[in-house]
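Taking it in order: structure first as structure tokens, then the write-up.
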Amino acid sequence: MKIVRGRNLIAFACVLGVSMVASAQNSGKLPKNGTPAPAPAQKAAAPASPTFGAVRFNEKPLRVETMGLTMSLPVGASASSTAIGNLAAVQVTGPDSKWMSGARVLESSDLNLTLQQVADTNLKTQLGADTVMVGAEGPSGAQLIERSQNLVIGTLPAERFYVLGPKDTDPKHAGRPRLIYGVTFIKLGAGRFACFESSCGETDLDRAKPEMEAMIATASFIDAASLESSKRALLDSGDRFMKGLDAAALRSAALEAKETWWRLYVPAKTGADADAKEVGYRRIRTSIGKRGQLDPNRDPAKFTGADLDEGILVQVDFRGVLGESSDALTDSQGIFFQTFDRKEEMWSLSTRVRQAKNDRTSTELGTRRGNQLTVKRTDRPATTLIVPERAYLSRVESFLVQRMLIAARLNTEFAFNTYSSETDLIEIRREMVEQPPDKPKFYRVTTRMSDGAPAQVAMCRENGELVFADLPGGVKVEPTSLERLVKMWKSKGLPLD
């Protein structure tokens, strides 16, 4: 069995599409000035009225901390979120995928901007005209079928409209239902608005509209100042924890972390392993070693100077099968090193992706001395970053942090600054440690790898060993052995070389 070494876990990123409004030209930026809003108009069409009492919600509400949003989802709906820099968004897919709704927070430098001005600007983009009354079509062929002003969602002023999209003139799409776009704006504060952009087929409106509106009616937001204050408090907790770590604590965590094999898979409805879809496997080895061991081909007898620096070594081997028919194979190797004084770290990553005749390999070399981090790659330009002085979590420590938090018996939430290979940025990683009342010898750790990232939930024993983990996309992780992996992959005809 060929063992390949892993770059990271599979990147289970949720990708949120651009605005679901009709026009692809809508940039999402708010104007400083808007056109005068038309007076409230009567509805031209007679879409079904919302029947909030008929909509059942999931017991656990959706929380998107980077947006300060809490919202209930209809039973059967699903959500994903993403963050790019300081911008965060969430997308909800309705039951049976009959509708979609995206949410984001918009900010403008014009603190006097009104809801009507924001709505008018969005309508102008969709309809192609400055002013269109309800029931009329704009030059684009889109029709404003409903506009509701002076709404209140929670305690906040809101405005909503629905637009019937233009007809599709492509003969190939004859008979295809037109799309309906619903946009709801909520004023959160001066120059700050929540925007919900929803869409469904014209024939699905009677069912989708009550569900979409009932969901939006449950939305509540934390103000921007409170959101920033909460983030600072979590980083303060992470900083205190990291400052409490000394060489002895790091050495102990490294020595306790045994070699582990992990299986990644999507369970089958039958519950049988034979029916499950294998996603990949990985091996993690943690040890005390020398800097020179970053290159496994070098002879330790020839180490000199900095090669002899002692620290923690983490080696990660990963193989994943991708694609609908599992026809793509990714193999990766990662070796990470950090000195015990936490002042320096280095790593080497190599990733190979194969599919049919395509065979691509990329490498990444990272070096940090003090607060300056440099990352060089073969597939994109080099990056140099200044590492934050507080709450910084190194690449090595990212593999040990859950074990160390559990060992400290800290049942609370933390935030850390850590480098992400996926974005080339210093991201904020969050860790929530809880001890379930009904399982006193176990700990549940909820991880968000960056602002807006979906949660990864791990159940661990009180010594920090993983029992299982749930990842986005329905993927499960569980400890296993090399022998069991070989047997399972062979039985499913999956590649082992």
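Projecting the Cα positions of Gly138, Val375, Thr339 onto the charge dipole of the chain (unit charges on Cβ atoms of Lys, Arg, Asp and Glu, taken about the Cα centre) puts Thr339 furthest along the positive direction.
Which residues make up the longest stretch of the chain that has no GluC sites (Glu not before Pro) in a DSSP loop with at most 15 other Cβ atoms within 10 Å? Don't skip to the answer; put the middle values down first.
Numbers: sites that count: Glu59, Glu259, Glu324, Glu389, Glu422, Glu462, Glu465.
Looking at the chain, 60-258 is the longest stretch - no exposed GluC sites (Glu not before Pro) with at most 15 other Cβ atoms within 10 Å.
Backbone phi angles across region 406-418, fed through the Karplus curve with coefficients 6.51, -1.76 and 1.60 (θ = phi - 60°), yield HN-Hα couplings of 5, 4, 7, 6, 9, 9, 6, 10, 10, 10, 9, 8, 8 Hz in residue order; Gly and Pro are listed as x. Over the Cα atoms of region 52-222, the radius of gyration divided by the Kirkwood radius equals 0.97; this is the Rg/Rh ratio.
Rg/Rh, computed from the Cα trace of region 284-333 with Rh as the Kirkwood radius, has the value 1.22.
For the chain, the longest principal axis of the Cα atoms and the long axis of helix 205-217 meet at an angle of about 60 degrees.
The string of couplings for region 426-440 from the Karplus curve (6.51, -1.76, 1.60, θ = phi - 60°) is 7, 9, 9, 9, 10, 10, 10, 10, 9, 10, x, x, 8, 9, x Hz, one whole number per residue in order, with x for Gly and Pro.
By the equivalent-ellipsoid construction on the alpha carbon gyration tensor, region 230-491 comes out with semi-axes of 28, 25, 19 Å, ordered largest to smallest. Relative to the longest principal axis of the Cα atoms of the chain, the long axis of helix 115-127 makes an angle of roughly 90 degrees. Restricted to Cα atoms, region 103-167 shows a radius of gyration and a Dmax of 12.9, 38 angstrom.
Once you've got the Cα coordinates, tell me which of Lys258/Lys487; Lys290/Lys487; Lys290/Lys490; Lys357/Lys490; Lys187/Lys269; Lys290/Lys376 are over 32 Å apart. Let's see the in-between values first.
On the way: Lys258/Lys487 23 Å; Lys290/Lys487 35 Å; Lys290/Lys490 37 Å; Lys357/Lys490 23 Å; Lys187/Lys269 44 Å; Lys290/Lys376 22 Å.
Pairs exceeding the cut-off: Lys290/Lys487; Lys290/Lys490; Lys187/Lys269.
Partners of Lys243 within straight-line reach, counting aspartates and glutamates whose Cα lies under 14 Å from its Cα and excluding those fewer than 8 residues away in the same chain: Asp341, Glu389, Glu397.
For the chain, the spread of Cα coordinates along the three principal axes comes to 83, 50, 50 Å, biggest extent given first. Comparing Ala208, Val433, Gly94 along the charge dipole axis of the chain, the residue lying farthest to the positive side is Val433, per the Cβ-charge model. Take 284-296, 182-194, 374-386 and order them by the average number of nearby Cβ atoms within 10 Å per residue, most first; the result is 182-194, 284-296, 374-386. Backbone phi angles across region 442-450, fed through the Karplus curve with coefficients 6.51, -1.76 and 1.60 (θ = phi - 60°), yield HN-Hα couplings of 10, 10, 9, 10, 9, 10, 10, 5, 6 Hz in residue order; Gly and Pro are listed as x. Over region 319-447, the alpha carbon radius of gyration divided by the compact-protein estimate 2.2 N^0.38 Å works out to 1.27. Charge dipole of the chain (Cα centre as origin; +1 on each Lys and Arg Cβ, -1 on each Asp and Glu Cβ, all else neutral): 880 debye, rounded to the nearest 20.
Calculate for the chain the 222 nm mean residue ellipticity that helices alone would give, adding -39,500 (n - 2.57) per DSSP H run of length 4 or more and normalising by residue count, nearest 500 deg cm²/dmol.
Numbers: 6 runs with 79 residues, N = 497.
Helix-only estimate at 222 nm: -5000 deg cm²/dmol.
Taking the C-alpha atoms only, the angle from helix 482-491 to the longest principal axis of the chain is near 50 degrees.
The alpha carbon radius of gyration of region 255-346, expressed as a multiple of 2.2 N^0.38 Å, is 1.46.
FYI, it's all coordinate maths here, none of it is from the lab. All values derive from a computational prediction rather than experimental measurement. Glycine gets a Cβ as well: all are built from the backbone with ideal geometry, and neighbour counts include every protein chain shown.
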